[in-house]
Amino acid sequence: MPVGLLCLRAQNKKLYLATFAAVLGPLSFGFVLGYSSPVIPELGQTDDPHLRLGSRQASWFGSVVTLGAAAGGLLGGCLVDRAGRKLSLMLCSVPYVFGYLVIISAQNVWMLYVGRVLTGVASGITSLVVPVYIAEVSHPAVRGMLGSCVQLMVVTGILGAYVAGIALQWRWLAVLCSLPPCVMLLFMFFMPETPRFLLNQNKRAEAIAALRFLRGPDADHEWECRQIEAGVREEALNLSEFKNPSVYRPLLIGVALMFFQQVTGINAVMFYAETIFEDANFKDSRMASVAVGSIQVCFTAVAALTIDKTGRKVLLYVSGIIMALSTALFGLYFKMVLPNRNNSSDPDVWFTLCSASPGTESSTAWLAVVSLGLFVAGFALGWGPVPWLVISEIFPLKARGVSSGACVLTNWIMAFLVTKEFQDFIAFLTAYGTFWLFSAFCCLNVIFTAFYVPETRGQTLEQIEAYFRRS
């Protein structure tokens, strides 16, 4: 049966249900990322000296979650191939909930750090397992759209944390953030394991049952099962396999995609969204952060709806160009507003915007708003969702856990370095120099996409694997 005919005969209702259950993980992940933005200003002004966050403590509070996520990526790489995709998702709800419990009961800054690390571990597992789960249960006609829903739910969680942070005190915000992983645990209990993992475990009857659940009664489950079996009848992965271009080429592409995604500076901007607006002298920094989060949700939704028609590479091109231009404009804004502070000796500087000439900010504020809005929109269109989708598609089944783990580890290590050193970049390069550096990396993103990223639109996972084997 041709792939197109299978897609036409498949019924997607239960596939969408399984995807919804899985993307509650990225929603939880988004709440973790967004939690720091409203909480850092609040804890910076708290009356309790044991919980007050100075500049250095705030940078650790925002960035330490990425270290936990890096560890979670390694753990997820082991879990996803041993425990399976479904069970791995269910297990990651435990560090989510326990981490928030530690934050809720925190009596000092170190307990806040521990809670952030635990929620980071859960986020790392989630960021690895969910794209793999969705890619393996989807058929080619909707795989791009459903895979993009991972990033859509992440940015929805970030926006949810921003909005809730306006009304909720930081402990109650942590209570709210602990709810999505609990719901995910309940929903995933009733969802099937992926057919590819089941066939890899020689559980053919269970794989057929999973396909019947995911495709409906009218699809040819036996035909699809045979197509998947042809790709999973391979020997177990060993180190010598990484000399094979069909294994190491997609791994290098995946690692590079994760590296380039983070050096755009997106996590530094989103972690410190409110602080950036406060230092830019905007009167209502929280509402400005909500506006940024709303832009990200809207344009990620646009990417999800168009990705199966435009293709992956087109969105990466458009996204990279928009981000390069917007970060260059943002750097120009800081150059216009700020005096030169290259010789600043203050190691705790956030931004030197407070030293802007009176009235300068108000006359150029539109440039900052437009630049940041364009940057967030550009990232959401391509370099936000597409790298996560591509790494869920390009790895051979036997190397999917290990390779995905390496990519997630790269992503979160880079996220930590960029986020943690953001203040130091500002102090050393100035604010405008830092954003011009981000702009240069965005240009490199476009060049890398043109020469190395394969187009995977409309292909089955087995066809993508065959492409790398042939080339």
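The values are calculated or read from the model by the stated rules, or taken from the named source; none is laboratory data. If you're wondering where the values come from, they're calculated on a predicted model, not measured in any experiment. Neighbour counts are summed over all protein chains in view; Cβ atoms, including those assigned to glycine, are modelled from backbone coordinates with ideal geometry.
Within the span defined as region 51-68, one or more residues are part of a helix (DSSP H, G or I), crowded, with 24+ Cβ neighbours inside 10 Å and at pLDDT 85 or above.
One residue stands out in region 215-245 among those that are surrounded by 18 or more Cβ atoms within 10 Å (Cβ to Cβ) and within 30 Å of the chain's Cα centre (by Cα): the one that is modelled with the lowest pLDDT, namely LEU237. Restricting region 81-92 to residues that are touching a Gly at 6+ places or on another chain (Cβ under 8 Å) and at pLDDT 90 or above, the residue that is surrounded by the fewest Cβ atoms within 10 Å (Cβ to Cβ) is SER88. The combined condition, being over 20 Å from the mean Cα position of the chain (by Cα) and buried (at least 20 other Cβ atoms within 10 Å of the Cβ), is fulfilled by THR434. Here the helices (runs of 4 or more DSSP H) wholly within region 358-471 that include at least 2 residues being free of Cβ contacts under 8 Å to residues at least 40 places away in the same chain are 360-378, 422-452, 461-470. Filtering region 109-144 down to residues that are crowded, with 24+ Cβ neighbours inside 10 Å and charged (D, E, K, R), which residue is modelled with the highest pLDDT? Selected residue: ARG116. For region 141-154, indicate whether the set of residues that are over 21 Å from LEU381 (Cα atoms), in contact with a Phe, Trp or Tyr (Cβ under 9 Å, 6 or more places away or on another chain) and either free of Cβ contacts under 8 Å to residues at least 40 places away in the same chain or not aliphatic (A, V, I, L, M) (or both) is non-empty. No, the conditions are met nowhere in region 141-154. Take PRO396 and tell me if it is surrounded by 22 or more Cβ atoms within 10 Å (Cβ to Cβ), within 12 Å of the chain's Cα centre (by Cα) and farther than 22 Å from SER36 by Cβ. Criteria not met by PRO396. Taken together, VAL263, VAL269, VAL255 contain a single residue that is under 30 Å from GLN45 (Cα atoms) and modelled with pLDDT of 65 or more, which is VAL269.
If I filter region 13-35 for residues that are closer than 24 Å to TRP388 by Cβ, surrounded by fewer than 19 Cβ atoms within 10 Å (Cβ to Cβ) and in contact with a helix residue (DSSP H, G or I) (Cβ under 7 Å, 6 or more places away or on another chain), do I get at least one hit? There is at least one residue in region 13-35 that is closer than 24 Å to TRP388 by Cβ, surrounded by fewer than 19 Cβ atoms within 10 Å (Cβ to Cβ) and in contact with a helix residue (DSSP H, G or I) (Cβ under 7 Å, 6 or more places away or on another chain).
When you look at ALA71, is it outside any loop (DSSP other than H, G, I, E, B) and either free of Cβ contacts under 8 Å to residues at least 24 places away in the same chain or among the hydrophobic types (A, V, I, L, M, F, W, C) (or both), yes or no? So ALA71 fits the description; yes. Only one of the numbered conditions (1) assigned to a helix (DSSP H, G or I); (2) more than 17 Å from the chain's Cα centre (by Cα); (3) of a type in the set (D, E, K, R) is violated by ASP47, and that is (1).
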